[in-house]
Ligand code: CP
């Protein structure tokens, strides 16, 4: 694997997830030293808890040294080619990519979308430009339209949890007071379907995902109908793709025990952070069917198999 920016370069995402599960079970003892004397530099332009910790732990478990850079530890950047840099930005992304390439063996980047221009966000503008100028492999820690490490961890969690060939997997929109990206929902839909699972996406009208990532998912605007006989309920808020960045308010879309009772004793999943009793009722997230801890644990193993595959290339 050269880069892990989106799934277009991954031949078989299910095989990668299975390799992650195998590595988790210590199938390859040499993994602990594969990254010795190698540097992973992670650039975080936005906050993170899970991604930062899980990626650093994964790197350490492979013997790598991990350096985390926050936005305020780098100079303000210019990203436009040919820009006359006589305003605020002190450094061009070209030089930043060169510097990180000189100091690192792998570079990982989190750069959230601005949610103003769909084209810019869906080109994953910052990380794509960085990759263009970098001499070292790039890992996506969440970009304009995607969060592929979260998607891989979620796929691993479903493969470990569900023991039937055709589970009913539902991705449900839920309310939230802030404007959020579509990245987690896009990556969940993309990853799950590329792994061969059918997906139902339920959301209010106007909140459908882009065709680029919704693929062949069944779309429902009736949450109660969508939940019927489901095996997995994956919950996330996202802002509108079609009225780009617009938010929608309807508290009735919160995930409650009554709604989960419609399912086939489904497991509840959410990538976190989550707003309790806005997105999901306490009774659901605290229930034995909630597998958010498994998702969190698999963030380490997803990062580990991706770094391992890059080191092994
Ligand atoms: N799920 C996730 O990516 O969490 P953080 O934003 O805390 O990294």
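What order do you get for 86-97, 238-249 when each peptide is scored by the mean count of other beta carbon atoms within 10 Å, highest first?
238-249, 86-97
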ask   = Okay, helix-only estimate at 222 nm for the chain: each DSSP H run of n ≥ 4 adds -39500 (n - 2.57), divide by all residues, round to 500 deg cm²/dmol; what do you get?
value = -10000 deg cm²/dmol
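Can you list, largest first and rounded to whole Å, the semi-axes you get for region 151-291 by taking the square root of 5 times each eigenvalue of its Cα gyration tensor?
Values: eigenvalues 82, 67, 36 Å².
Ellipsoid half-lengths, sorted descending, are 20, 18, 13 Å.
So, by mean Cβ neighbours within 10 angstrom, what's the order for 293-302, 203-212, 137-146, 224-233 with the highest one leading?
Working: 293-302: 21.3, 203-212: 16.4, 137-146: 25.5, 224-233: 19.2.
Peptide ranking by packing, descending: 137-146, 293-302, 224-233, 203-212.
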message = Compute the distance from the alpha-carbon center of region 139-155 to that of region 1-59, in whole Å.
response = 11 Å
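Counting only C-alpha contacts under 8 Å and six or more residues apart, can you give the relative contact order of the chain as a whole percent?
Values: 625 pairs, mean separation 64.0, N = 313.
Once divided by the residue count of the chain, the mean separation gives 20 percent.
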ask   = Hey, what angle do you get for helix 292-311 against the long axis of the chain, alpha-carbon based, 0 to 90 degrees rounded to 10?
value = 30 degrees
key: 0 to 90° range, to nearest 10: angle between helix 148-161 axis and the chain longest Cα axis   = 40 degrees
key: Angle in degrees between helix 183-194 and the longest Cα principal axis of the chain, rounded to the nearest 10   = 80 degrees
task = Determine, at each q value in 0.09, 0.12 (inverse angstroms), the log₁₀ of I(q)/I(0) that the Debye formula gives when each Cα of the chain is one equal point scatterer.
result = -0.45, -0.80
inquiry  = Given R₀ = 25 Å, what would the calculated FRET efficiency be for residue 95 paired with residue 11, taking r from the Cβ atoms and rounding to 0.05?
reply    = 0.15
message = Give me 176, 270 sorted ascending by neighbouring Cβ count inside 10 Å, so fewest comes first.
response = 176, 270
ask   = With the contact rule set at Cα under 8 Å and sequence spacing of 6 or more, what percent relative contact order holds for region 151-291?
value = 27 percent
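Rule-based calculations on the coordinates, nothing more; no lab input. In this text, all values refer to a predicted model and were calculated from it rather than measured experimentally. With ideal geometry, Cβ positions are generated from the backbone for all residues, glycine too; neighbour counts draw on all protein chains shown.
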